[in-house]
Ligand SMILES: C[S@@+](CC[C@H](N)C(=O)[O-])C[C@H]1O[C@@H](n2cnc3c(N)ncnc32)[C@H](O)[C@@H]1O
């Protein structure tokens, strides 16, 4: 029999916000039924307009705030919430850090792992303008090339000149590049009819080096007036050391295409992390919050307890940032990563830092973990830093068969972390220190964590 829901679409209802979701939405409860709404904080009483009702939960819009949370702060503009650039901007920063700690604790509790402790989130002093990388879509508005962002879950384009959480110099470079492209009548991509030229501008900036990389992502191979455009961009932005064109001719939401060519300068920018130098190419993964990444790596390496005698595996190593940091304190480090260009960077980076105790492999971490296990490699420590989908069961099995003393798990998704911890615990490992959340993404609901697992005696 169909259950009668306590609310119907378009109803106006008063409710109390009891929680925040992992996306930063307020959760209102009406007779036990959850309604998710933007811009609502725990403890606040609100009047809601019900927009959508589903079997288990619905969505609503706040039409009036009846009480205000002491943790509410004035945001920097509606667009940053609407686009998902800064969905937590209305929550005071200390409360954001508490929210992230609670998010991890709640997930552990749901998985019956409530006895695992979670430390206070390690935050940053200036929680804005931290991103060293931008990938902004470009569209034509009123006849002008315009940078912006899409409203969450839609294709509605909102124009923006400042992106709040991104390095301010990156914002400036985007505007300068757009003005030059406009002058040479480069057209903006139109996704409806799949026409026009410029799809995105990607910019990376070295936190210490201040070097800038600009990548023009185009639908077409041809960039009209290329020579003049290149000359003007390089003259207008003297800090650009790498200007590239990436061609993405597919009808897709994926930003970068397969082909990239250097238009001026070099293929990479250089930057530093914890005193080590890194060359970073356009397609390589590189942590976006350099200040917090230094802390994250320091904490992960401290927890690995390296003395200089250990054999270490760094799975999902990217351009080798953690591998190199560990190589300074270990006997030997093996790294694996699926992006070929990232491994090329990792090898160059080892040489750049005069480190010769590393071996890097291109491929699937799961396959390499099994290969290393078959080859009889005996790591003392395995570091894993997977993408959001976490680890596979087969990787976890190969890793534990090698019987490392410690497994240090750096995670950007607490849901998959908790799932994977359960597997490790079934295979003879225990979480021996409180889990540490590190705030890599202030103003957003993303949480990064460091967890240490040790082999049971
Ligand atoms: C969260 S990043 C971590 C990178 C690096 N540890 C760092 O801190 O810069 C995850 C990395 O895993 C890589 N990756 C994704 N799937 C993979 C797989 N199946 N096998 C190996 N590497 C993979 C991605 O290309 C990316 O570089």
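The values are calculated or read from the model by the stated rules, or taken from the named source; none is laboratory data. In this text the structure is predicted, and so the values were computed from the model without any measurement. Counting neighbours? That spans all protein chains shown, and the Cβs are built from the backbone with ideal geometry, glycine included.
Touching a residue at least 12 places away in the same chain (Cβ under 8 Å) and surrounded by fewer than 17 Cβ atoms within 10 Å (Cβ to Cβ) - does that describe any residue in segment 402-411?
Looking for residues that are touching a residue at least 12 places away in the same chain (Cβ under 8 Å) and surrounded by fewer than 17 Cβ atoms within 10 Å (Cβ to Cβ), one finds at least one in segment 402-411, hence yes.
Check whether at least one residue in segment 111-128 is buried (at least 17 other Cβ atoms within 10 Å of the Cβ) and either assigned to a helix (DSSP H, G or I) or without any contact (Cβ under 8 Å) to a residue 12 or more places away in the chain (or both), and report yes or no.
no
Of all strands (runs of 3 or more DSSP E) completely enclosed by segment 203-288, which ones contain at least 1 residues that are crowded, with 21+ Cβ neighbours inside 10 Å and more than 16 Å from the ligand (Cβ to nearest atom)?
212-218, 240-247
State whether the residues of segment 301-309 include one that is in contact with a strand residue (DSSP E or B) (Cβ under 7 Å, 6 or more places away or on another chain), within 13 Å of the ligand (Cβ to nearest atom), on the phi < 0 side of the Ramachandran plot and not in a strand (DSSP E or B).
No.
Being more than 15 Å from the ligand (Cβ to nearest atom) and either under 26 Å from the mean Cα position of the chain (by Cα) or more than 27 Å from residue 286 (Cβ to Cβ) (or both): is that true of residue 396 here?
In short, no.
Go through segment 24-46 and count every residue that is surrounded by 15 or more Cβ atoms within 10 Å (Cβ to Cβ) and over 21 Å from residue 89 (Cα atoms).
So the count comes out to 3.
Given the structure, is residue 313 on the phi < 0 side of the Ramachandran plot, within 13 Å of the ligand (Cβ to nearest atom), over 20 Å from the mean Cα position of the chain (by Cα) and assigned to a helix (DSSP H, G or I)?
no
Working carefully through the options 422, 443, find the one that is outside any loop (DSSP other than H, G, I, E, B), in contact (Cβ under 8 Å) with a residue 60 or more places away in the chain and out of contact with any helix residue (DSSP H, G or I) (no Cβ under 7 Å at 6 or more places or on another chain).
422 is the lone residue from the list that is outside any loop (DSSP other than H, G, I, E, B), in contact (Cβ under 8 Å) with a residue 60 or more places away in the chain and out of contact with any helix residue (DSSP H, G or I) (no Cβ under 7 Å at 6 or more places or on another chain).
Of everything in segment 373-387, what is exposed (fewer than 14 other Cβ atoms within 10 Å of the Cβ), more than 8 Å from the ligand (Cβ to nearest atom) and either in a loop (DSSP other than H, G, I, E, B) or at pLDDT 95 or above (or both)? Give them in sequence order.
Those that are exposed (fewer than 14 other Cβ atoms within 10 Å of the Cβ), more than 8 Å from the ligand (Cβ to nearest atom) and either in a loop (DSSP other than H, G, I, E, B) or at pLDDT 95 or above (or both): 375, 376, 378.
Residue 436 fails exactly one of the following numbered conditions: (1) under 23 Å from residue 293 (Cα atoms); (2) in a helix (DSSP H, G or I); (3) away from the ligand (no atom under 12 Å from the Cβ). What is the number of that condition?
The one condition residue 436 does not meet is (2).
Can you go through 415, 370 and tell me which one is outside any loop (DSSP other than H, G, I, E, B), farther than 26 Å from residue 302 by Cβ and either over 25 Å from the mean Cα position of the chain (by Cα) or in contact (Cβ under 8 Å) with a residue 60 or more places away in the chain (or both)?
Exactly one of 415, 370 is outside any loop (DSSP other than H, G, I, E, B), farther than 26 Å from residue 302 by Cβ and either over 25 Å from the mean Cα position of the chain (by Cα) or in contact (Cβ under 8 Å) with a residue 60 or more places away in the chain (or both), namely 370.
Among the strands (runs of 3 or more DSSP E) contained in segment 12-101, which hold 2 or more residues that are in contact with a helix residue (DSSP H, G or I) (Cβ under 9 Å, 6 or more places away or on another chain)?
Working: elements: 12-20, 26-30, 33-37, 45-53, 57-65.
Correct list: 12-20.
Does segment 341-363 hold any residues that are surrounded by fewer than 15 Cβ atoms within 10 Å (Cβ to Cβ) and within 10 Å of the ligand (Cβ to nearest atom), and which are they?
Scanning segment 341-363 gives a single hit, 363.
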